[in-house]
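Notes follow once the structure below has been shown.
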Amino acid sequence: MPKEHTLLDAKREQKRAYWTLVLPGFLIYISVMAFPTIFSIFLSISDYNGGKLFGGKPISFVGLKWYGRLFVDEYFYLALKNNLYIVLVSVFGQIPLGFFLAYVLYRGIVKKADFFQTMIYLPTVISTVVIGILWKSFFAPYGAFPELVRLFNPTYEYGISNHPMLPVLFVILWMYTGMYLIIFIANLQKIDGAVIEAARIDGASETQVLGNIILPALSGVLVTTAILAISGSLKSFDLIYVMTAGGPANRTSVLSIYMFDKAFKGAPNYPLANAISTVMVIISFALIGLTKWVEGKFGGRE
Amino acid sequence: MRDIKDTKSIRSRIGLLLTYAVMIFFTVMAIYPLLWLVMNSFKTTTEFQMNKLGFPKEWVTINYRDSWVRGKFPNLILNSLIYTGITTVATLCFSFMAGFAFAKIPNKATKVLHGSFVIGLLLTLQSIMVPLFLIINWVGLYNSRLGVLIPYIGIAMPMGIYLGTEYIRAIPDALVESARIDGATYLRIFASLIVPMAAPVGVTVAILTVTGTWNEFMLINILTSSDALKSLPVGVQKFAGALSSDFGKQFAALVIGLIPMLVFYLFFRKEITKGVAAGAVKG
């Protein structure tokens with residue numbers, strides 16, 4: 001009888017402890033992330049446009065009206081196209097470059113690997129705001145870039161660029177390549193060095209080591225970085241917001257800036273803004289799913 | 001025979017030289033813009049207009065003195081410290097508490113609750129920005145410190161929970177069980193056994209939260225309106241972004257905005273790179 005009693009107590013203590021530990025974090029998370037996500041989808045099919053959320057003018061549902069509006073807006077496609085450029089630069093620029101740099105440093109081909117790594121990663125840690133304004137001033141008509149070009153081509157005149165996305169893409173490449181370098185180095189270091197040494201002693205060339213040992217060992221990491229690059233590219237906001245704010249004439253706009261403008265610039269259109277963010281989430285999930293599918297089909301060796 | 005060996009070593013030496021050249025090129029590319037910025041922050045605006053690429057003829061510090069006062073930087077830095085400090089401590093506490101419960105206290109709810117946090121890893125700030133703005137307004141927290149802190153903590157939570165739970169799961173169950181048999185309550189076990197053991201992953205979570213929160217700029221921009229509540233990045237954007245012709249001051253303001261993270265990076269280089277790698281593998 002007394003034993004049963006303590007067992008019951010212990011069970012009760014266990015339950016109480018569980019909820020005491022879980023609830024504070026969970027409540028914050030639910031109210032800040034989970035609920036707003038659902039609320040966002042709800043807003044995207046409503047006609048809510050400012051004013052009181054509750055007790056004001058009743059909110060009615062308009063179905064997929066805003067999605068329809070979105071798909072006929074040329075600025076949506078312009079922003080989407082720019083997002084895709086960023087995805088391409090990330091997947092085919094940052095990842096290969098980051099891998100190349102990581103490989104050189106990991107294999108000990110150059111000395112002072114630590115120094116190179118520290119310097120190349122440096123741009124990634126600095127506030128996007130600082131980076132954005134710095135590059136904006138660098139590329140501006142009065143900045144250093146026209147001056148640099150004139151060193152090589154004295155007749156260069158600053159004009160409005162036909163490709164305003166190029167500087168933006170360059171800065172994205174400049175800023176985030178270091179992140180992939182770090183990810184690849186960390187995972188390269190997990191490979192058993194003895195295997196590589198043994199292969200080298202058996203006469204395998206550096207290229208064979210790369211192709212037969214290192215790349216297969218990293219196939220999982222390559223997929224992870226691709227997912228990271230895709231979702232990161234679709235999220236890009238801060239840097240472009242500071243550098244160009246989407247201008248000139250929305251030509252460097254991306255989906256998140258397009259959404260921001262609809263919600264916080266001029267007369268707010270919250271339903272349309274939320275339709276954009278919902279579409280962003282769907283695109284992101286679809287691309288991640290596609291990457292996983294490609295991995296399952298062609299790679300899959302982990 | 002000797003000839004073959006010689007050409008081989010020459011070729012590999014050229015290869016090595018090329019590799020060094022490439023590495024040095026990327027390193028210079030990475031830091032040149034930052035050096036350019038620092039260099040020009042010591043020029044007067046007049047000198048910058050004449051000399052955009054070279055060293056200053058005369059190193060002046062007036063830009064820094066002006067920006068520091070006019071940009072209200074002491075206040076901005078203090079705010080950033082408050083936001084980052086509280087967010088990091090709260091994220092660590094809440095996510096390790098929940099992580100311990102998920103990992104070591106049997107409960108049917110764990111699957112759903114932990115799963116909902118993992119989904120949070122995939123959610124983006126954009127998808128919650130507008131609703132969050134409306135909700136914060138609705139509950140009356142617009143333009144308050146608390147109205148910034150609660151979203152910051154919630155956003156940092158999924159990563160903290162994910163890394164914390166994984167790590168605590170790897171701690172042997174036997175340790176927790178023997179403490180239970182000795183009569184320790186779960187809360188006691190958490191405080192005196194789990195917290196010290198989870199310190200290494202605590203550092204990783206702290207690093208990720210600090211860098212993420214310190215550089216955050218979009219959310220605080222829409223959730224606050226008064227200058228007294230803004231953080232360093234927002235202040236830099238407002239001050240330096242508006243100085244479109246006074247480059248000297250603009251560059252000085254950017255350098256001030258850059259220094260805290262630079263110092264943090266140089267001090268915690270190893271931990272930061274480890275944290276980034278750990279955080280990335282979540283996918």
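Every read-out reported here was derived from the displayed coordinates using simple, explicitly stated rules and does not represent laboratory data. Since the model is a prediction, treat every value here as computed from it, not as a measurement. Because the Cβ atoms are built from the backbone with ideal geometry, glycine has one as well, and the counts that use them run over all protein chains shown.
Figures for the structure shown
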item	result
Whole-Å distance, taken between Cα centres, linking segment A:183-211 and segment B:138-182	38 Å
Where labels lie 7 Å past Cα in the beta-carbon direction, separation of A:L84 and A:R107 in nm	3.5 nm
Per-peptide average of other Cβ atoms within 10 Å, ordering B:89-101, A:260-272, B:204-216 highest first	B:89-101, B:204-216, A:260-272
In Hz, Karplus ³J(HN,Hα) per residue of segment B:241-250 (6.51, -1.76, 1.60; θ = phi - 60°; x = Gly, Pro)	x, 7, 7, 6, 10, 9, 4, x, 5, 4
Residue-span extension gain [B:L175 to B:M39] - 0.36 nm each, minus C-alpha spacing	43.3 nm
Reduced Cα scattering model of the protein assembly as shown, Debye log10 I(q)/I(0), q = 0.08, 0.11, 0.12 Å⁻¹	-0.64, -1.16, -1.34
Selection from B:S12, B:G147, B:F190 lying farthest towards where the dipole of chain B points positive, charges on Cβ	B:S12
Estimated FRET transfer efficiency when R0 is 35 angstrom, pair B:W138-B:T61 (beta carbons, to 0.05)	0.15
Full-extension gain in nm, A:A10 to A:L23, via 0.36 nm per residue minus C-alpha separation	2.7 nm
Chain A - charge dipole about Cα centre, Lys and Arg +1 at Cβ, Asp and Glu -1, debye rounded to 20	680 debye
Partners for B:K104 among aspartates and glutamates (Cα-Cα distance below 20 Å; same-chain residues under 8 apart left out)	A:D9, A:E13, B:E166, B:D173, B:E177, B:D182
Spin-label model distance (nm) - B:V112 vs B:S245, 7 Å beyond Cα toward Cβ	6.3 nm
Principal axis box of segment A:13-165, alpha-carbon based, largest edge first, Å	66, 52, 27
Sorted by Cβ density within 10 Å, fewest first, the residues B:I24, A:I213	B:I24, A:I213
Using a Förster distance of 30 Å, the FRET efficiency for A:F170-B:K270 (Cβ separation, nearest 0.05)	0.50
Average beta carbon contacts from partner chains per residue of A:270-279, 10 Å cutoff	3
Spacing of the two label points (7 Å from each Cα toward its C-beta) at A:N162 and B:S192, in nm	7.5 nm
Under 15 Å from the Cα of A:K292 - aspartates and glutamates, other chains or at least 8 residues apart	A:E302
Quotient of C-alpha Rg and 2.2 N^0.38 Å, computed over segment A:175-296	1.52
Amide H partners (placed H, <5 Å) of A:G247, local residues excluded	A:T252
Peptide A:113-123, shielding by other chains (average Cβ, 10 Å cutoff)	5
Using a Förster distance of 30 Å, the FRET efficiency for A:V149-A:A204 (Cβ separation, nearest 0.05)	0.10
Neighbour-count ranking [beta-carbon atoms within 10 angstrom, fewest first] of A:E295, A:E157	A:E157, A:E295
Segment B:2-63 - charge dipole about Cα centre, Lys and Arg +1 at Cβ, Asp and Glu -1, debye rounded to 20	360 debye
Note, ³J(HN,Hα) from phi for segment A:141-153, Karplus 6.51, -1.76, 1.60, rounded to Hz, x at Gly and Pro	x, 8, x, 7, 4, x, 5, 4, 4, 5, 4, 9, 9
Cα Rg, Dmax (largest Cα-Cα span) when computed across segment B:167-242, Å	20.8, 65
Within segment A:1-128: Cβ-based charge dipole about Cα centre, in debye rounded to nearest 20 (Lys, Arg +1; Asp, Glu -1)	200 debye
Long-range amide H partners of A:S46 with built H, under 5 Å	A:V62
Rounded if a/c under 1.5, otherwise prolate or oblate - segment A:66-298, Cα gyration tensor axes	oblate
Cα convex hull of chain B - mean projected area over all directions, nm²	24.2 nm²
Choice from B:L78, B:L132, B:L175 showing the highest fluctuation, given a GNM over chain B with Cα pairs closer than 10 Å	B:L175
Eligible aspartates and glutamates near A:K235 by straight Cα distance, threshold 19 Å, same-chain separation 8 or greater	A:D261, B:E216
Alpha-carbon Debye profile of segment B:2-63, log10 I(q)/I(0) at 0.18 Å⁻¹	-0.71
